[in-house]
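**Student:** Below is a structure I'd like to ask you about.
The values are calculated or read from the model by the stated rules, or taken from the named source; none is laboratory data. What you see is a predicted model; the values in this text were computed from it and never measured. Please note: Cβ atoms are built from the backbone with ideal geometry, for glycine as well, and neighbour counts cover all protein chains shown.
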């Protein structure tokens, strides 16, 4: 079961989420054959962010499912999550309001994915696209 963002998801989220919100990191791996830094590989495990945050190496943040769900909670989005053998569906509802005045009716954003992490990342990306983060 997937419990943290993969390399591509991490790169996308790092473009707009606060980097200090990450609880894990991907680290660059040296390519032994060429002895050159070949960038980030999709390694099977991430490492604790606190373990490497003070080093000068270029690190790519990685977010666990728990941190992603907590991030949504902190920005007042509480997703409804449904899962079955076919995948995970996540939805959030919100109102547009300005100074207490309802501007539009309730909106619903829904994502579907194979895993909880994928659904959560998709939700955060949709919220970002709609400038709700």
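**Student:** List the strands (runs of 3 or more DSSP E) inside the range 40-133, counting only whole elements, that have at least 2 residues being surrounded by fewer than 13 Cβ atoms within 10 Å (Cβ to Cβ) and either at pLDDT 90 or above or outside the structural domain of residue 24 (by TED's automatic domain parsing) (or both).
**Tutor:** 80-84, 87-98, 101-113
**Student:** I need the full set of residues from the range 15-27 which are surrounded by 19 or more Cβ atoms within 10 Å (Cβ to Cβ) and at pLDDT 90 or above, in order please.
**Tutor:** 17
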